[in-house]
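Peer 1: Input: one structure, supplied below.
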């Protein structure tokens with residue numbers, strides 16, 4: 001029907017609307033109603049083109065990592081209430097899609113000497129009622145042409161914020177101690193908090209136990225060979241390596257620079273589904289403001 005109306009509109013000056021409607025078996029009133037609605041259709045089409053531009057901008061701003069859920073959430077943060085099915089359709093039509101995470105290679109090396117018993121306090125309950133109460137951490141490798149660079153993290157389970165991190169060219173216990181020290185120095189770990197990790201030699205070392213004790217942090221350790229016992233830390237590294245989209249860095253300094261920028265982006269700009277499609281930093285500050293009020 002629409003195509004015939006368009007044909008009439010394009011040839012009305014030459015043949016007249018009445019004749020064209022008779023030939024095509026259409027009512028003149030129907031054509032005139034369609035023509036009168038043309039301005040509204042063009043306005044709707046312009047709004048859709050504008051929305052596509054905004055979606056593409058968000059997608060590019062987040063390095064192509066955002067899929068339909070986060071783009072829908074970001075649009076709503078900007079005051080645009082758009083149905084997720086519409087976002088999905090427009091992204092599909094424009095060939096836009098989020099990034100699928102890659103499987104992470106584990107660095108965990110269990111301690112070869114007997115480890116003093118430590119309970120699994122977290123027990124796969126990766127939640128926290130308040131910031132600064134419960135944390136998880138792990139180590140991952142960053143390949144460079146100068147050799148490996150290793151990254152250790154401390155993640156707050158309340159808002160998934162990276163509250164502490166450290167990078168080094170070695171895998172000694174100093175690496176994980178430095179990550180805890182940074183989080184403590186920032187005032188983001190409360191006394192009697194819990195820190196959960198796997199049974200890697202760094203986390204079971206006497207040096208790390210001392211660092212936790214000095215900060216009044218209770219250790220928690222998962223079972224040997226169970227990635228699910230530290231799933232939040234594993235998930236973060238999978239996200240980082242997928243979204244940063246670098247296979248190997250030319251230098252360790254460049255890797256440090258890129259990781260530092262990504263951690264800032266992750267904490268302050270990236271929407272996290274676990275905390276209601278807000279940023280980790282926003283979640284923490286909102287909680288602080290609510291408590292102050």
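Peer 1: I want to confirm something. Restricting to region 220-231 and keeping residues that are in contact with a helix residue (DSSP H, G or I) (Cβ under 9 Å, 6 or more places away or on another chain) and surrounded by fewer than 19 Cβ atoms within 10 Å (Cβ to Cβ), which single residue is modelled with the lowest pLDDT?
Peer 2: 227
Peer 1: Mind checking which residues of region 154-179 are outside any strand (DSSP E or B) and under 23 Å from the mean Cα position of the chain (by Cα)?
Peer 2: Selection gives 157, 158, 159, 160, 161, 179.
Peer 1: Out of (1) out of contact with any helix residue (DSSP H, G or I) (no Cβ under 8 Å at 6 or more places or on another chain); (2) in a helix (DSSP H, G or I); (3) over 17 Å from residue 149 (Cα atoms), what's the single condition that is false for residue 207?
Peer 2: Result: residue 207 fails condition (1) only.
Peer 1: Of the residues that sit in region 5-26 and are over 54 Å from the mean Cα position of the chain (by Cα) and not in a helix (DSSP H, G or I), which one is modelled with the lowest pLDDT?
Peer 2: Only one residue fits best here, namely 25.
Peer 1: Looking at region 78-96, can you tell me whether even one residue there is surrounded by 11 or more Cβ atoms within 10 Å (Cβ to Cβ), modelled with pLDDT under 85, under 21 Å from the mean Cα position of the chain (by Cα) and in a loop (DSSP other than H, G, I, E, B)?
Peer 2: yes
Peer 1: From the residues in region 103-126 that are under 29 Å from residue 279 (Cβ atoms) and surrounded by fewer than 11 Cβ atoms within 10 Å (Cβ to Cβ), which one is modelled with the highest pLDDT?
Peer 2: 125
Peer 1: Suppose we filter 182, 151 for residues that are surrounded by fewer than 24 Cβ atoms within 10 Å (Cβ to Cβ), in a helix (DSSP H, G or I) and either outside the structural domain of residue 260 (by the TED database) or at pLDDT 95 or above (or both); which single one remains?
Peer 2: 182
Peer 1: Hey, another quick one. What number of residues within region 59-77 satisfy the criterion of being surrounded by fewer than 16 Cβ atoms within 10 Å (Cβ to Cβ) and within 22 Å of residue 243 (Cα to Cα)?
Peer 2: Summing the residues that are surrounded by fewer than 16 Cβ atoms within 10 Å (Cβ to Cβ) and within 22 Å of residue 243 (Cα to Cα) in region 59-77 gives 6.
Peer 1: (1) part of a helix (DSSP H, G or I); (2) under 28 Å from residue 279 (Cβ atoms): which one isn't true of residue 46, the others all being true?
Peer 2: Every condition holds for residue 46 apart from (2).
Peer 1: Output the qualifying pairs, or none if there are none: Cβ atoms under 6 angstrom, residues six or more apart or on different chains, first residue in region 166-179 and under 18 Å from residue 252 (Cα atoms), second residue in a helix (DSSP H, G or I) and modelled with pLDDT of 90 or more.
Peer 2: Close Cβ pairs (under 6 Å, with a partner that is in a helix (DSSP H, G or I) and modelled with pLDDT of 90 or more) amount to 166/175; 166/178; 166/179; 167/256; 168/175.
The values are calculated or read from the model by the stated rules, or taken from the named source; none is laboratory data. All values derive from a computational prediction rather than experimental measurement. Positions of Cβ are generated from backbone atoms using ideal geometry, with glycine treated the same way; all protein chains shown enter the neighbour counts.
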